[in-house]
């Protein structure tokens, strides 16, 4: 999936440079807006299909809410620190960090709000978060505990990184991971513009 997305970006750049006139930019922005709505709609479908999530969530202890809360705090602190290092204003660095690993949506939202430069930074930082998660999740439960293995995945803990989390922790962690990913995915379209306009 990651290769496909990177390939699509490269192909888009080449097509934009060689074949699409600048006058087509408003149409491209409109198409991006429609795609954003479809992304959010697909998350709703995913939540609706997994009906058991809602039953299991409220049967578990408060740690199910603590995992996403700490993931949000850690992500935003990391965004602020990176913003200071790379001299990116706090509102933009917080906005990028609140993509929580959902690179396609956060990148598209920030491209619409600010332009392709910040959108590309958001896309790359969130895609690197997912890649970093894939590499580090197997080691985290050995160093810390099984709950902390969910945090690096962010929004992807309910889909792409879920099999890794389940394999290196335990099957009971699946509910925690799905809830974490679903909640963070739900928050991305609100948090990204919220922090940008602070």
**Q.** Using alpha-carbon coordinates, inclination of helix 25-49 to the longest axis of the chain, degrees
**A.** 20 degrees
Q.
Helix 173-196 against the longest principal axis of the chain: what's the angle in degrees, Cα atoms only, rounded to the nearest 10?
A. 30 degrees
Q. For region 29-196, what's the relative contact order in percent, using C-alpha pairs closer than 8 Å and at least 6 residues apart?
A. 27 percent
Q | Burial ordering of 159, 172, 114, 61, fewest other beta-carbon atoms within 10 Å first | A | 61, 172, 114, 159
Q) Among rounded, prolate and oblate, which fits region 120-192 when a ≥ b ≥ c are the square roots of the eigenvalues of its C-alpha gyration tensor, a/c under 1.5 means rounded, and a/b larger than b/c means prolate? A) oblate
Q. In the chain, how does Rg compare with the Kirkwood Rh, expressed as the Rg/Rh ratio over alpha carbon atoms?
A. 0.99
Q. What shape does region 77-144 take by its C-alpha gyration tensor, where a ≥ b ≥ c are the square roots of the eigenvalues and a/c under 1.5 counts as rounded, a/b above b/c as prolate, and the rest as oblate?
A. oblate
**Q.** Sorted by Cβ density within 10 Å, fewest first, the residues 158, 70, 17
**A.** 17, 70, 158
Q.
Tell me the angle of helix 116-136 to the major Cα principal axis of the chain, expressed in degrees between 0 and 90 and rounded to the nearest ten.
A. 30 degrees
(Q) Quick check on the exposure proxy: order 162, 94, 131, 198 from fewest to most C-beta atoms within 10 angstrom. (A) 198, 131, 162, 94
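No value in this document is a laboratory result; all are computed from the given coordinates. All figures in this text were calculated on a predicted structure; none of them were measured in a lab. Positions of Cβ are generated from backbone atoms using ideal geometry, with glycine treated the same way; all protein chains shown enter the neighbour counts.
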